[in-house]
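A quick write-up on the structure given underneath.
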Amino acid sequence: MALYLSSRCTGISPSATLAVDTRAKQLRAQGKHVYGFGVGEPDFPTPEYICEAAREALSLGLTRYTPVAGTPELRSAIANKLEQENNLSYSPKEIIVSNGAKQSLLNAFIAILNPGDEVLLPMPCWVSYPEMIRMAGGVPIAVPTKESEGFLPNVNLLRKLTTPRTKAIVVNSPNNPTGCVYPRELLEEIAAFAVEKEIYVVSDEIYERLVYDGYEHVSIASFGDDIRKNTIVVNGLSKTFAMTGWRIGYAAASAEIVQAMEAYQSHATSGPNSIAQYAAYKALANGQEYIRAMREEYDARRKLMVETIEKMDGVSCIVPHGAFYVMLNCKELIGRGFGGRIIDDAQTLSIMLLDAMNVAVVPGDAFEAPGFCRISYAVSREDIRDGLAAIGRFIAQVD
Ligand code: PMP
Ligand code: GLU
């Protein structure tokens, strides 16, 4: 039999966000200063009390397999957090801890999708959702949104795109890449729609603590028993506690869904790293002051970024109210020339910005948002000033 790879894998595009990060890291290794607006990763170190907890875990000898769904202490701490902060009541049995929210999401799609099942996906969306849905055998159905409407989905359009195969909808608020925060009324409408149509809601709330301008994060599952039954709440510690490398995420859902996710995870990876789980348990017990300070700093950076972009020619943006991303509208630059080459699309623009100006951005094409680049403000204010100035110098040379 000929040697060839599975169509499941050959059809998958590698993560564009991680690809930009890898390229930026290579340039840094060559001694270049790269303005890292690419990957969405907190630039803060993990708070010391969490690092101390990891050292404590080692001293306590917590180096063995944990239960597949996570340690009882961590699952209880998560249940407690959901109750206190999100008005959600889940027992530890209804919670599963995974290797990052990424694995929680993949587990969720694997648990609920049969081949051909459709998942409504408001666009622009984070790069990994469509691929995860496909990996689980499902079919992502793009639900376009408009910049002029704050990138918020329209429920009438959701209804129009619903078919007998519709199995789920992804809700990601605060949103990556647009930074939009779904208002409570919109979430209520989506909840009513999901209950009426009997579809699951995969609610990715990983940026929940990063909301600004008086906006509040509301979990869609908190609206009542009906919608709670349909929803898989996904969250993690990567963003809130600057713990991207520790790989701790979690999902909360009905016991039936959690058991299905657990069965799959038991074969895929087992429980996540025991030391990281202990540190996560300690992280959740504390840290409110740290989170407040981090959020204030992101807010200041967001304002600096938006104010600077508003003064620039050739690019524009709407004000994001959550997460740490700005969608830079670059449509005016597309089709024009730079250094004897045509800027065909945002992908070409992003390569030119990295090569010519050492500025890393993620092309919007990766998020189904052609003509846009996503820029992250999880970088220092100095880099925001200098990196945007470099983009300004680039634009001045566009003919
Ligand atoms: N969801 C969204 C919207 C994200 O931007 C990310 C990227 N970190 C994740 C989930 C996954 O996060 P992690 O696996 O680091 O917990
Ligand atoms: N979620 C972040 C981003 O969108 C981190 C990279 C990734 O996991 O995609 O940039």
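I'd like to know if segment 147-162 contains one or more residues that are touching an Asp or Glu at 6+ places or on another chain (Cβ under 7 Å) and part of a loop (DSSP other than H, G, I, E, B).
We begin by selecting, within segment 147-162, every residue touching an Asp or Glu at 6+ places or on another chain (Cβ under 7 Å); these are 155.
Imposing the further condition that a residue be part of a loop (DSSP other than H, G, I, E, B) reduces the set to none.
Scanning segment 147-162, I find no residue that is touching an Asp or Glu at 6+ places or on another chain (Cβ under 7 Å) and part of a loop (DSSP other than H, G, I, E, B), so the answer is no.
Against the conditions (1) more than 21 Å from the chain's Cα centre (by Cα); (2) on the phi < 0 side of the Ramachandran plot; (3) surrounded by fewer than 16 Cβ atoms within 10 Å (Cβ to Cβ); (4) not aromatic (Phe, Trp, Tyr), where does Glu296 fall short? Just the number, please.
(1)
Pairs needed: first member in segment 170-185, within 15 Å of Tyr325 (Cβ to Cβ); second member anywhere, among the charged types (D, E, K, R) and buried (at least 24 other Cβ atoms within 10 Å of the Cβ); C-beta distance under 7 Å; at least 6 residues apart or different chains.
Close Cβ pairs (under 7 Å, with a partner that is among the charged types (D, E, K, R) and buried (at least 24 other Cβ atoms within 10 Å of the Cβ)) amount to Asn172/Asp204; Pro177/Arg374.
Of all residues in segment 38-50, count the ones that are closer than 16 Å to Ser380 by Cα and among the hydrophobic types (A, V, I, L, M, F, W, C).
2
Among Thr308, Thr244, Thr269, which is the only one that is among the hydroxyl-bearing types (Ser, Thr, Tyr), over 27 Å from Ala221 (Cα atoms) and within 16 Å of ligand 1 (Cβ to nearest atom)?
On inspection, the qualifying residue turns out to be Thr269.
Any residue at all in segment 110-130 that's within 16 Å of ligand 2 (Cβ to nearest atom), of a type in the set (Gly, Ala, Ser) and part of a strand (DSSP E or B)?
There is no residue in segment 110-130 that is within 16 Å of ligand 2 (Cβ to nearest atom), of a type in the set (Gly, Ala, Ser) and part of a strand (DSSP E or B).
Does segment 95-107 hold any residues that are at negative phi, within 16 Å of ligand 2 (Cβ to nearest atom) and open to solvent by less than 30 Å² (accessible area, probe 1.4 Å), and which are they? Before the answer, list the steps.
So in segment 95-107, the residues at negative phi come out as 95-99, 101-107.
Right, trim to within 16 Å of ligand 2 (Cβ to nearest atom) and you get 98-99, 101-107.
Within segment 95-107, Ser98, Ala101, Gln103, Ser104, Leu105, Asn107 qualify.
Of the residues that sit in segment 12-35 and are more than 15 Å from ligand 1 (Cβ to nearest atom), small (Gly, Ala, Ser) and not in a helix (DSSP H, G or I), which one is surrounded by the fewest Cβ atoms within 10 Å (Cβ to Cβ)?
Residue satisfying both the conditions and the ranking: Gly31.
Is there any pair linking a residue in segment 300-314 that is touching a residue at least 60 places away in the same chain (Cβ under 8 Å) to one that is open to solvent by 10 Å² or more (accessible area, probe 1.4 Å) and of a type in the set (Gly, Ala, Ser), with Cβ under 7 Å and at least six apart or on different chains, and which?
Going by the 7 Å Cβ cut-off, the qualifying pairs are Ile309/Ser316; Met312/Gly392.
Residues of segment 182-220 being within 26 Å of Gly138 (Cα to Cα) and either of a type in the set (Ser, Thr, Tyr) or in a loop (DSSP other than H, G, I, E, B) (or both), which ones?
Tyr182, Glu198, Ile199, Tyr200, Ser203, Glu205, Ile206, Tyr207, Ser219
I need a count of the residues in segment 1-37 that are more than 22 Å from the chain's Cα centre (by Cα), among the polar types (S, T, N, Q) and within 30 Å of Arg381 (Cβ to Cβ).
2
What residue, of Ala242, Ala168, Ala221, is within 19 Å of the chain's Cα centre (by Cα), among the hydrophobic types (A, V, I, L, M, F, W, C) and within 16 Å of ligand 2 (Cβ to nearest atom)? Lay out the reasoning, then the answer.
Numbers: Ala168 fails: within 16 Å of ligand 2 (Cβ to nearest atom); Ala221 fails: within 16 Å of ligand 2 (Cβ to nearest atom).
Matching residue, one of Ala242, Ala168, Ala221: Ala242.
Sort out which residues of segment 373-399 are closer than 15 Å to His33 by Cα, among the charged types (D, E, K, R) and open to solvent by less than 40 Å² (accessible area, probe 1.4 Å), and write them in order of number.
Asp383
Take the conditions within 16 Å of ligand 2 (Cβ to nearest atom) and open to solvent by less than 10 Å² (accessible area, probe 1.4 Å) and apply them to Phe193. Does it pass?
In short, no.
With respect to Ile351, is the statement that it is at pLDDT below 95 and among the β-branched types (Val, Ile, Thr) true?
Spelling it out, Ile351 is indeed at pLDDT below 95 and among the β-branched types (Val, Ile, Thr).
Can you pull out the helices (runs of 4 or more DSSP H) entirely within segment 247-359 that have at least 3 residues that are closer than 16 Å to Ala396 by Cα and aliphatic (A, V, I, L, M)?
In segment 247-359, 346-357 are the helices (runs of 4 or more DSSP H) which contain 3 or more residues that are closer than 16 Å to Ala396 by Cα and aliphatic (A, V, I, L, M).
The values are calculated or read from the model by the stated rules, or taken from the named source; none is laboratory data. Note that this is a predicted model, so its numbers are computed, not measured. In this analysis, Cβ positions are derived from the backbone assuming ideal geometry, glycine residues included, and neighbour counts consider all displayed protein chains. Keep in mind that these areas ignore ligands, DNA and RNA; they rest on the heavy atoms of the full protein, side chains included. Shrake-Rupley method; radii C 1.70, N 1.55, O 1.52, S 1.80 Å.
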